[in-house]
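Quick note: the coordinates plus some simple rules give every number you see, no bench work behind them. All of these numbers come straight from a predicted model, not from anything done at the bench. As a convention, Cβ positions derive from the backbone with ideal geometry for all residues, glycine included, and neighbour counts pool all protein chains shown.
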Amino acid sequence: MDSKPILALNAFDSSAPHDLGSALEARVRRRAKLFGAASVLFYDRPLEIVRGEGCRLYDADGLAYLDAYNNVPSVGHCHPKVVEAAARQLGQLNIHNRYLHPGIMDYAERLLAILPADLSNITFTCTGSESNDLALRLAANVTGARGVIVTESAYHGNTALVTEVSPTLCKQHSAAAHVRLIPAPDSYRVPPDRLSEAFAAHVAAAIAEFERNGAGFSALLVDSIFSSDGVFADPPGFLRAAIDVVHRAKGLFIADEVQCGFGRTGSSWWGFARHGVRPDVVTLGKPMGNGYPMGAVVTRPDILDAYCTKFGYFNTFAASPVAAAVGQAVLDAIEQDGLIDNARRVGSHLKRGLEDLAVRHAAIGDVRGAGLYLGVELVEDGATPAPALAKTLINALRDRRVLIGAAGKFGNTLKIRPPLCFSAADADHLVAALDDALTQTSRSV
Ligand code: PMP
């Protein structure tokens, strides 16, 4: 079975037969004309969303959709605290970061206080891609080597450097000599007591290959919950053996927290904490600004110093007073709305609901994840990936006004990662809609 590039998952396919009606067809065509081949839309029947609030999105006809897909507006769409903070600061001052402004320092101190103590320097960016791009450059500089290890279906962003380590972005991928792709820690197919050891062995083999081909070993870069690989969170601690291998080989461990940072896994602020590991660099993005473009690279001073003696780093829109105000409001919302605890409680409730469905629907091979980042792997004949079913179900849910996405090498894992204010009633609603969609789908085949 061919692997599926990330942008093909749940994408509207204008070449497939479709009947959108004249008004929607006209809007889809207008967009395709403007954005050309790079235009990607979700769903067989694309959605026009005009408003969001909490975990609800509203389309142009005023219909409400339960959002179980969007992790960027992590504290909820249009959270009043974030909206107010951004508006207030925009009305006062928004400027680049080469003046003294207390806002960004207050925010930096607050953020560093919830990260490991040795990672005491922070560099702000505007996107996850920029964060990973800088992280890779820091690692190459301090190790004097180029070799980077990532998982087979990893996505880490869109710059030239990061595209090279984002295999799932490429339709035809042959990794460069300085990039090694290793299998994801697939807890569905590898027994839990062998997972850690197997993953560490892949890392060790890749490092040995870099020694042979002359690239040298620079870094292991992983998304702490392996989201584009299909969502792998268990057993907790499985990353530890691999990180020991990395550190013994004098490479860096870069924890990409763009997907699961800021409380999503329900037990800590950060996904890597689930594994009890020590990153050398942490990259942040998406949920950091709840939709305002913010990212950051957090690392040890020795790593940043070594880089800045040669290059330095400046990013015009990063670390602005508005970014600081928004970042503070996001942290306030997480703390004051109890969102980490909510992710844990509602996440386990939702997971139990999905596991109950798995008992009744043979197509569900596995339910996994942590907090409010869950994956539901769909299979046929007990184990074969079923991407067509995933697509059918995602569209059937969309028709029931529940939004989810797809993940995994073959696109056969349902990706569920709602805003962290998702309630138990929202979880029940999602499970009932999926139950109904699965029942209808199995009747119609
Ligand atoms: N890392 C991971 C794990 C991601 O999922 C993404 C975006 N999907 C990125 C990095 C890149 O972030 P951005 O799109 O903000 O550049």
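With a simple spin-label model that places each label point 7 Å from the Cα along the Cα-to-Cβ direction, the separation between residue 362 and residue 435 comes to 2.1 nm. Here the Karplus curve 6.51 cos²θ - 1.76 cosθ + 1.60, taken at θ = phi - 60°, turns the phi angles of the stretch 329-343 into couplings of 5, 5, 5, 4, 5, 4, 6, 6, 8, x, 6, 5, 5, 4, 4 Hz, with x standing for Gly and Pro.
3J(HN,Hα) along the stretch 391-404: 4, 4, 5, 4, 6, 5, 5, 4, 5, 8, 6, 10, 10, 9 Hz, from the Karplus curve 6.51 cos²θ - 1.76 cosθ + 1.60 with θ = phi - 60°, whole Hz, x for Gly and Pro.
The residues neighbouring residue 2, those whose beta-carbon lies less than 11 Å from its own, together hold a net charge of +3 under the Lys/Arg +1, Asp/Glu -1 convention. With R₀ fixed at 45 Å, the C-beta to C-beta distance from residue 101 to residue 423 puts the FRET efficiency at about 0.75. Placing dummy labels 7 Å off each Cα toward the beta-carbon, the span from residue 401 to residue 205 is 5.0 nm.
How much length is gained if the chain between residue 113 and residue 61 is pulled fully straight, taking 0.36 nm per residue apart and subtracting their Cα-Cα distance, in nm to one decimal? Walk me through the numbers on the way to the answer.
Numbers: separation 52, 0.36 × 52 = 18.72 nm, distance 4.47 nm.
Stretched fully, the residue 113-residue 61 segment lengthens by 14.3 nm.
Each residue of the stretch 271-326 gets 99 Å³ once the volume of the Cα convex hull is shared out per residue. Placing R0 at 25 angstrom, the Cβ-Cβ distance between residue 380 and residue 16 gives a FRET efficiency of 0.70 after rounding to 0.05.
How long are the three semi-axes of the equivalent ellipsoid for the stretch 121-277, computed from the Cα gyration tensor as the root of 5 times each eigenvalue, in whole Å, largest first?
Details: eigenvalues 90, 73, 48 Å².
In descending order, the three semi-axes are 21, 19, 15 Å.
Normalising by residue count, the chain has a Cα convex hull of 149 Å³ per residue.
If you filter the stretch 203-296 for trypsin sites (Lys or Arg not before Pro), then keep DSSP loop positions with at most 16 other Cβ within 10 Å, what is left? Numbers along the way, then the final one.
Numbers: sites: 212, 240, 248, 250, 264, 274; in loops: 250, 264.
Here the sparse-neighbourhood loop sites are 250.
Given a Förster distance of 22 angstrom, what is the FRET efficiency for residue 121 paired with residue 335, based on the Cβ-Cβ distance and rounded to 0.05? With R0 = 22 Å, the Cβ-Cβ based efficiency is 0.40.
For residue 2 and residue 83 in one chain, what is 0.36 nm times their gap in residues minus the Cα-Cα distance, to one decimal in nm?
Values: separation 81, 0.36 × 81 = 29.16 nm, distance 4.34 nm.
My answer for the length gained is 24.8 nm.
As a proxy for reagent exposure, 277, 165, 72 were ordered by neighbouring Cβ count within 10 angstrom, fewest first; the result is 72, 277, 165. Annotation: the residues 439, 127, 168, 309, sorted from fewest to most other C-beta atoms within 10 Å of their own C-beta, follow the order 309, 439, 127, 168.
What's the ranking of 383-391, 106-114, 52-60, 91-99 by average number of surrounding C-beta atoms within 10 Å, highest first?
383-391, 52-60, 106-114, 91-99
Between residue 94 and residue 316, the simple label model (points 7 Å from Cα in the Cβ direction) yields a spacing of 1.4 nm.
Scalar couplings 3J(HN,Hα) for the stretch 233-239, obtained by applying the Karplus form with A = 6.51, B = -1.76, C = 1.60 to θ = phi - 60°, are 10, 10, x, x, x, 5, 6 Hz; x denotes Gly and Pro.
Given the stretch 80-336, what percent of its DSSP beta bridges are antiparallel, to the nearest 5?
Details: 9 of 25 bridges.
Of all bridge pairs located within the stretch 80-336, approximately 35 percent are antiparallel.
Entry note, the chain: relative contact order of 22 percent, from Cα contacts under 8 Å with a spacing of 6+ residues. What does the C-alpha gyration tensor say about the overall shape of the stretch 246-373? Classify as rounded when a/c is under 1.5, otherwise prolate if a/b is larger than b/c, or oblate. Judged from the Cα gyration tensor, the stretch 246-373 comes out oblate (a/c at least 1.5, b/c at or above a/b).
If neighbour count is taken as other Cβ atoms inside 10 Å, put 288, 105, 1 in order from fewest to most.
Values: 288 27, 105 12, 1 9.
By the 10 Å Cβ count, ascending, the order reads 1, 105, 288.
Considering only 213, 181, 243, and ranking their Cα positions along the charge dipole of the chain that arises from unit charges at the beta-carbon of Lys, Arg, Asp and Glu, the one farthest toward the positive end is 213.
When only the Cβ of Lys, Arg, Asp and Glu is charged (+1, +1, -1, -1), the dipole of the stretch 119-257 relative to its Cα centre reaches about 380 debye.
Give, rounded to the nearest 20 debye, the magnitude of the charge dipole that the chain has about its Cα centre when Lys and Arg contribute +1 at Cβ and Asp and Glu contribute -1 at Cβ. Before the final figure, lay out each step's value.
Values: 43 positive and 47 negative charges, 126 e Å.
Its charge dipole is roughly 600 debye.
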